Structures are given as structure tokens and as C-alpha cells.
1. What size of dipole, in debye to the nearest 20, comes out for the chain about its Cα centre when the only charges are +1 on Lys and Arg C-beta atoms and -1 on Asp and Glu C-beta atoms?
2. Does segment 4-115 classify as rounded, prolate or oblate by the C-alpha gyration tensor (a ≥ b ≥ c root eigenvalues; a/c under 1.5 gives rounded; else a/b over b/c gives prolate, otherwise oblate)?
3. How big is the gap, in Å, between the Cα center of segment 92-122 and the Cα center of segment 326-378?
4. Could you state the number of Å between the C-alpha centres of segment 174-213 and segment 414-461?
5. In straight Cα distance, which aspartates and glutamates are under 20 Å from K22, not counting same-chain residues fewer than 8 positions off?
6. Within the chain, which whole H helices from DSSP have a Cα span along their axis of at least 30 Å and a mean Kyte-Doolittle hydropathy of -0.5 or more, if any?
7. If packing is taken as the average count of other Cβ atoms within 10 Å, what order do 355-365, 287-297, 420-430, 111-121 fall into, highest mean first?
8. Hey, any idea what Rg/Rh is for segment 223-373, computing Rh the Kirkwood way over Cα pairs?
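Quick note: the coordinates plus some simple rules give every number you see, no bench work behind them. What you see is a predicted model, and the numbers here were worked out from it, not measured in a lab. With ideal geometry, Cβ positions are generated from the backbone for all residues, glycine too; neighbour counts draw on all protein chains shown.
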Amino acid sequence: MEGAMELSVEAMHDRLVSVLGKIFADFETLESVERLSGGASQETYRIELTRGGEPTVLAMRRASGGVEGEVTAAHPGLAVEALLMQTAAQAGVPEPQVHYVLQPEDGIGAGFIMQWLDGYTLGAQIVKAPELDAIRPQLARRCGEVLAQIHGIDLVASGLDQHLQQQTAEEYVRQTWQRYQDFNTPQPMIDYTARWLLDHLPENVTPALVHNDFRNGNVMIDATGIVAVLDWEVAYIGDPMRDLGWILTHSWRFGRDELPVGGFGEVADLFAGYESVSGKAVDPEAVRFWQVFGSFWWAVGCLGMAEHYRNGPDKTVERPAIGRRSSECQVDCVNLLIPGSVVLEQPRQPAAAMPAMEELLTSVSDFLRDEVMTNTQGRLQFLARVAANSLDIVQREQALAAPGLANEERRLRALFGEPADSVVELDELRWRLVHELRDGTMPLQSDLLQQHLRTTVVNQIAIDQPRYAGFKTATNRAKTQIGGD
């Protein structure tokens, strides 16, 4: 099959014409195919066609670059994702109709074609669109009800037990922790959180089908409620509380931190909806565990996007930008596990060049926002915004990184009792901390450790995304000093 990066617009069009002719006896013409924005791990397309003289819109879900890795129980692939959607629909879960699973001979890549449904899928819109004002207070309960429907699916009768892996909480933590370690980057807050998770594993778990990515942004919403549950690609068999903890994860609140369920609802409503359908009581401690795990998992996932940019087939500007979002998840772990006072670095004075580097960066990011975004649409407009945001990160890093690194090194020397004139460098100190967290010799209860992690992570998010709600939480929870600690 032709490689995904080699598949031209014309080839995609021609091959879809052949596929659509097989699906629909009344297919006439293919009008357009458009790749939509977002979908960093999978691609989504809008397909407009004519059937029996009437316009029809479909959606296509496709592996990134058209090529998916080896299909295993841990990575079941898009054909199983289609099966999951069909099975969930039979259980009463809102889902689009799956029309066709792509075959190798179709020459398009791995994926499937499904019914197009209209509704809001962008989390930032779901939390603020005026059209959803009336339904928004009901969404948390409805999410609980739908999750209970998913968790109640009979795995044996559906055959899903033959396609999905079963995984305990401990296995999931260790697998995620190992994935991060394979990236060979010292991120001590990730190691700290892994240790905490292993110390607080849920007990008395009854395994069920877990969607594993049920959150604001993967649930289509309209004025009547939930239209569809999307993105089943990481489903597995395990602790159903994983799904309830994931929708509470701070990354998916889209600035509405005061509403913990997806930025639109309350925890009590989520739990009440779940219990009303499942007939089972929610375990709040298990949900908290999975909420912490959610930030831990996505912190590693974001680093994986950066790794994929380096080595994968989809080298877009979106991948490394998502990589920098790891600090958002790490500051969420700080807020959940080791809240307290922090010290914010003062920006260094810019060099006296004319124009200054900061001015050059600003001019380019302004051009992307004011000119490129204004005159483009769809995915190109989205990527222009991502590129502008990346330049903003570079500008903040130029101002804040130098003092931050100096103070990080000073804190680590104090933590390890290293003299100020020691020849040990910052990177070596970082790795020493990571190794001591991994082998258990560094106690999690150390005040110096917690202060160091909190200050380091909060100052990193000041560079990567100071508008993130978790940054405000971290800096407002206790008195925050400015400059030098």
C-alpha cells in the first residue's frame, strides 16, 4: 500500500470514490474531503458526497499518517475501535453509525467511515457556548449515566474480551512510568507521582470495559445533551473508576477549574448519574487515585507527542507544542499532592539589540495570528495558532529560563548537601534526584523535596502556559513570592 506521507489529495479522492461506491448503491459523486483540526494521535476527515441526488456528509477516522502500528491487545487498532462503537450503540450509548472499516486493498490506510453527526466537540466551546447554557448543568449527570452504560457492557457476549487487554492499576502505572523512563528525560515530578500512585493503589476492583479517554473534547454535545461518545482507541478492561477520574482531570476543564467535571459540572451530579444506572456505589478514593493518574498519564503522553515529532511520520508543528503541555499536567500533580507556597522567577532584562530578539519573536507571532489566521481556515488556521503559541513559549523561556535554572541547581545542591563550589552540574543533579525517586531512597515526605518540585514545576508552567488554570491555582493557594528563593 502507498505510504501515508505519499498519498496525494488526488489519490485520496480517487480511492474514496471507489470505497464509497462499495458502501452505497446510490453513490453518485464525491464533492470534497477535508482533514479537520485537532486529532494529534488520529486523523479525522469530513467527506461531502451526493447520494441519490441528495447531499450527504460522512466522517472518516484514519490512523496518523494512514499507518497504525502492530495491532495487539494493548493497541487493538481502528477496526476494533469501530467494533467498540457498534457494541456501545447496542448498549444504548450515543454513537454514530459505522458504515465501513477500511481494508488494505482500499489503499487509504487504517480507519473507518461513519455517520457525520453535528454538535460541539471542542472542549473550550462546550464550556462556554451560549447555545449550551440550558443543557450544560445536566451534562455531568448524563456523563455518569453514559459511563455506567459503557461499564455494564458484557465483555464475553460482545466478544470484546478477545480483542482488549486487561490491566490492573499497578500494571498501568508501571507501564506508563516505564514509557516515560524510555524517553530518557529527567522530570522528577513524574517520578514523584508514580511513587505516590504505587503507594495508593485501589482495592477490591471489579474489571469492566473502560473507555479510557472519556472526557470533555471526546464527547459530542448539542443543545439536547450527549450526541456521541468518540475516540475509543485506548479502551481496555480494568477499573471502571478510571473513567470517572479521567473526566475530573484538570487538563479537560478548559479554564473552568471551579467545575471539576469537564469544566461544566459537579462531582455529586456525575456520581449520582453513575449510581442511578449502575446500581453500584462510586468509590471516591479510587476516583481520586485515577484523577491523579490522569495528570500523570497525560504528562507522559505529552512527552510522547514530542518524541513522535522526532521519530514519527507526522512531523507537524502541533506535536512539539503538545510536548510542552507536560508541565500543565505536572503542575496539576503538584496541586493535588504537594500544594503550598512557591517562588516565581523575575524575567531577565533583554539584550540591548535593536530590534531585540523579543521583538522579532513578537512580530512573527503577531503575523501568524493577525495575518495567517485571518486569511486561512480549518487545519491550517489551527496550526498557525499553534505556531504562534510556540513562539510565545520561546519568548518567555528567553526571559525566565536562566534565573530559573540557577535557582533549580541551588535547590538541588541543598537537597543533596552538595557544597556551592561542587563541580557537579545541574543535569547530573536532576538525574540523581530521578534515580533516588525511582529506587525509593528519596522519601516522598521530604519538605525540601516537595518545595523543590513545587517551585520547579510552577516556574516551568510560567514559561510553557501561564494562562493555564492550574498555574493560577498553584500561585494563589498560598502566598507567592517574586524572585529568588
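1. I would put it at about 1020 debye.
2. Judged from the Cα gyration tensor, segment 4-115 comes out oblate (a/c at least 1.5, b/c at or above a/b).
3. Value for the Cα centre distance between the two parts: 37 Å.
4. About 21 Å separates the Cα centre of segment 414-461 from the one of segment 174-213.
5. In chain and number order, the partners are E10, D14, E31, E48, E54, E105, D106.
6. Counting only whole DSSP H runs, the qualifying helices are 284-311, 378-416.
7. Going by the mean number of other Cβ atoms within 10 Å, highest first, we get 287-297, 111-121, 355-365, 420-430.
8. With Rg and the Kirkwood Rh in hand, the quotient comes to 1.07.
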